[in-house]
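Undergrad: One structure is given below, represented as structure tokens, and several questions about it will come after.
Since every read-out is calculated from the coordinates, none of them should be taken as a lab result. Here the structure is a predicted model, which is why all the values come from computation and not from measurement. Note: ideal-geometry Cβ built from the backbone for every residue, glycine included; neighbour counts use all protein chains shown.
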Amino acid sequence: MKKIAFVMLACIESIIGLSQPALVALEDKTKTLQERYLLMKTKSETYQDYKVIKESILDGVWKIGNDSLRKREHQLEEANDKIKALRNEVSIARAELKSNEDSMANVVFASTHLTVLGMNFTKGFFLTLVALGGTALLATILLLMTRIKAMQVFVKESKVIVASTTNEFEDYKRKMFEKQTKLTRELQTERNKLIELKESQKAV
């Protein structure tokens, strides 16, 4: 009986001793999950086609695997949160950029355009229009001044003609008055002669 117990104890110790190297898969914190699995697999004893692995080692590797998965999931969630935050920041930055571009476009438009009577003109076109309008106005003023001078000359000539005609008319009136006076005197003389002739005839 003691021999059987001794043999069993020896078998158990040998199994425990054989599975001890598999503990490396749990102890080394620098190993990855795949490396831990390979260590557990290679350091464990083989019985026919089976691997002899302590349940506590399997549980430990499983726990480490779950912890790794949770850590990865947590990292993935944090990465997704960061991505969402970055997307929001990009959207805000794009909106600010568009707003700034619109503001700059308005500033550029305001600096290159003028609004006159509710109509927008480029400064170059407006300056050209003003220059053409000024030239047309100056030409109109020069034309009017030329016309005024011509009218003044015409008025002076008309005044001279009117004065000359008036003088001629006054001279004509004076001559006609003198002629009328002379004819009136001659007529009176002839009447007087006729009266004298009648009186002399009565006396005879």
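Undergrad: Mind checking which lysines have their C-alpha under 18 Å from K173, skipping anything on the same chain fewer than 8 residues away?
TA: Counting by Cα, and skipping residues close in sequence, K173 has these lysines nearby: K182.
Undergrad: For segment 58-128 and segment 173-204, what is the centre-to-centre distance using only Cα atoms, to the nearest Å?
TA: Using only Cα atoms, the two centres lie 126 Å from each other.
Undergrad: With θ set to phi - 60°, apply the Karplus curve 6.51 cos²θ - 1.76 cosθ + 1.60 along segment 149-165 and write out the HN-Hα couplings as whole Hz, x wherever there is a Gly or Pro.
TA: Result, rounded to whole Hz: 4, 4, 5, 4, 4, 5, 5, 4, 4, 5, 4, 4, 5, 5, 4, 5, 5.
Undergrad: Starting from the Cα of K41, draw a straight line to each of the lysines and keep only those under 26 Å, dropping any in the same chain fewer than 8 residues away.
TA: K29, K31, K51, K54, K63, K71
Undergrad: Sort I92, I64 so the one with the fewest other Cβ atoms within 10 Å of its own Cβ comes first.
TA: I92, I64
Undergrad: Answer rounded, prolate or oblate for segment 121-204, using the Cα gyration tensor with square roots of eigenvalues a ≥ b ≥ c: rounded when a/c is under 1.5, else prolate when a/b is larger than b/c, else oblate.
TA: Because a/c hits 1.5 or more and a/b exceeds b/c, segment 121-204 counts as prolate.
Undergrad: Here's something else I'd like to know. Among the lysines, select those whose C-alpha is under 25 Å from the C-alpha of K98, and discard any that sit fewer than 8 residues away in the same chain.
TA: Counting by Cα, and skipping residues close in sequence, K98 has these lysines nearby: K82, K84.
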